[in-house]
Amino acid sequence: MKDPHARVVSQARAQGSLVNSVVEFCSLLKSHGLQISRSNTDIALAGLAEIDIVSFAHFRMSLRICLLQRPEDIPAYNDLFDSYWRNDSDSSPHDTQTEPPQKPEFSTKNNGESNDTELSVSAETLSTDNEQENDSEANSSNQSPHAIRALARDPLAENDPSNNTAALDRIGRSFARALARRRSRRHQSHRSGKRIDSRKLMRSAVRHGGIPLELPWRRQQIRRSRLVIFCDVSRSMDSYAELLLQFAAAVLRHAWRVEVFLFANDLVRVSDRWHDENWTSLTENFTGLGGGTQIGASLQSFVDNYHYCLNSRQCVAIVLSDGLDAGEPASLKATLRRIKAGSRQLIWLNPLLATPAYEPIARGMAAALPLVDVFASGHNLESLQRIASVLHEAPSRIHDV
Amino acid sequence: MNTIDSIEQASAALAARGYVGDEEIATALFLSMRLRRPLLVEGHAGVGKTEIAKVLAAALDTELIRLQCYEGLDASSALYEWNYAKQILRIRLDEQSKRDAKETEAHIFDEAYLLERPLLKALRHPQAPVLLIDEIDRADEEFEAFLLETLAEYQVTIPELGTITAHQPPFVVLTSNRVRELGEALRRRCLYLWIDYPSMHKELAIIEQRVPGIERNLAEQLVRFVASLRECDLDKRPGVAETLDWASALVELHVDHLDAAVATASLGCIVKTRRDVNWVRAELENLLRAT
């Protein structure tokens, strides 16, 4: 059976349009969220010149080796490759098979392409869940967040966050200072230290006829830790959302290397969006998705897409959530274990802890509790300040605040 | 020195040296050599990433130069360093013999006092060597930036000796365990190869290749056991290296059939943490039933 691919390719080559087709294919991959850059396209074209492109297997593998940079992209690449290059009639990229997956409303409000790609990757795995849940909760999802907050009737949510900007700012700064406390193993020259900088020693010794008159030192650099904040913005957390988001924004302002993720039944990275968007609009769009909180699934999508944020030597992970999880506790536990493996401390702030009668018996919370290093409430400024001081004192000690 | 001129030759070269690979690995090696681009090999621990570089060096009949990365690795440990102790001694001796200071200075920054580290060795090698940069994800971002600079031009400037350019650029293979995500710039520079755990057929072929004298039935049992083990939630999933260790161990013990007693006794070959050992012991019946 004649390979349709060979026909397509030799046709394209004859028409001199193979290069165009490859470039078009690369843009297609990019629009589906794969990480492809311009230089990779050049490399891919150079690679094709070296191999026998009529062989389907070689063609496919060669493009994959030159273009891809992450293993997560491999399944998507295979599907897109098949639909693009195996098309008999014409190699048009506008097939129904290759339409971008449905994105939630959230992404249409943003302009940058990079925002879309982040969401489309995380949303497609959960879109089927959303469809089922949206049907049953279509009525309730139309309520505005303000109305829901009024219904909460939580006496602890009485602080008015708008007056606390200065206090939160201070807390953010103390967090930043607490995180900047680790020494790395890389030595750099310094005016005082424990090791002698031999190179500089030699230079100065030669100047003085071989006698080291000055001793230059080396010491280990201070490495600032990275902070990853996961903020639950589902409806159950609505009364605390303002305070916690402002807290996250304050930390973001003062500390370097902070990543902030919002989740409800989907996960979104908002670390670079604080400056150009009003944060209240972020949560409004998010809660429109409806359904129960999927903590496990959201964190799993973090592990799948952003796990590079976690570097065990340098990272502190903070989860701001009430632990009411609609998903499986076992999967939440497994995901948390993975996150904990990639960070030196896992902190869980649960505002419900401040209510006197609360016990963490909800399945999700109970499953997560043994893995958490610091479990605290974080429902108001004082408790947040206490967390900051805990970070200052002993980053690796396990206790309850 | 040999060359590899086609994908088929690459496949043949891999097979000839006992590396059970697939078309993709051969294609990646071929492209990396022809395009003169470094090859970034990522995968889980123990799937044979480092082996690829060794086999490539053997196939090309050239030297393998290995740079093992760790956190805090810097240019002086990777590129070159002066032998300071020797230099100071020289200075003192010259001072005793009343030599001119300028002459001393010219003398001590000489080849004899230069400690050549792997990167410089690779650049100065007369024949293009295979440069294996192992576990690049354990090094930090500063080292990545330094490496990128060196790999871009294949030349290095030593202030006292001048600029040293590679006669023949080395074939660079980088391996990573995905402990940390590598920088964008380094990724863009390299070709990418992801090596996943092998399929059962492939793993069987690898065992038969590397552990001659093993019974076919036993090998099949091992492969099925390990395959089902990899599906489970372990702290450390066993790689191909662990399977091979286990196979060799069982051959040494003159075992021809896998049962509960043998498995429990030799569990240390494939599971490496206490939690995993306890879990596997508890699930042993189910796992053995699957074989």
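Some notes on this structure:
- Looking across the stretch A:32-41, just one residue is assigned to a helix (DSSP H, G or I) and more than 10 Å from every other protein chain (Cβ to nearest Cβ), and that is A:T41.
- Flag if B:E51 is charged (D, E, K, R), facing chain A (nearest Cβ under 9 Å) and open to solvent by 10 Å² or more (accessible area, probe 1.4 Å): no
Matching residues to (1) buried (at least 20 other Cβ atoms within 10 Å of the Cβ); (2) part of a helix (DSSP H, G or I):
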residue	(1), (2)
B:I206	yes, yes
B:Q209	no, yes
B:G213	no, no
B:A219	yes, yes
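- Among the residues of the stretch A:224-246, the ones that are in a strand (DSSP E or B) and open to solvent by 10 Å² or more (accessible area, probe 1.4 Å) come to 1 in all.
- Scanning the stretch B:114-138 for residues that are assigned to a helix (DSSP H, G or I) and either open to solvent by less than 60 Å² (accessible area, probe 1.4 Å) or in contact with a strand residue (DSSP E or B) (Cβ under 7 Å, 6 or more places away or on another chain) (or both) turns up B:P118, B:L119, B:L120, B:K121, B:A122, B:L123, B:R124, B:I136, B:D137.
- Condition check for B:P238: open to solvent by less than 50 Å² (accessible area, probe 1.4 Å) and in a loop (DSSP other than H, G, I, E, B): yes
- Scanning the stretch B:54-87 for residues that are within 13 Å of chain A (Cβ to nearest Cβ) and under 30 Å from B:I270 (Cβ atoms) turns up B:C69, B:Y70, B:E71.
- Residue count, the stretch A:54-72 (criterion: open to solvent by less than 10 Å² (accessible area, probe 1.4 Å) and either among the basic types (K, R) or more than 9 Å from every other protein chain (Cβ to nearest Cβ) (or both)): 2
- Counting residues in the stretch B:82-100 that are in a loop (DSSP other than H, G, I, E, B), open to solvent by 50 Å² or more (accessible area, probe 1.4 Å) and of a type in the set (S, T, Y) gives one or more.
- Inclusion of B:E184 among residues that are closer than 30 Å to B:K236 by Cβ, surrounded by fewer than 15 Cβ atoms within 10 Å (Cβ to Cβ) and within 14 Å of chain A (Cβ to nearest Cβ) is warranted.
- For the criterion of being outside any loop (DSSP other than H, G, I, E, B) and open to solvent by less than 40 Å² (accessible area, probe 1.4 Å), A:L369 fails.
- Look at (1) within 14 Å of another protein chain (Cβ to nearest Cβ); (2) assigned to a strand (DSSP E or B); (3) surrounded by fewer than 19 Cβ atoms within 10 Å (Cβ to Cβ) and you find that B:W194 fails only one, number (3).
The values are calculated or read from the model by the stated rules, or taken from the named source; none is laboratory data. Computed from a prediction, not measured in an experiment: that's the story for all the values here. Using ideal geometry, Cβ is built from the backbone for each residue, glycine included, and neighbour counts are taken over all protein chains shown. We work out accessible area using only protein heavy atoms, side chains counted, and drop any ligands, DNA or RNA first. Shrake-Rupley method; radii C 1.70, N 1.55, O 1.52, S 1.80 Å.
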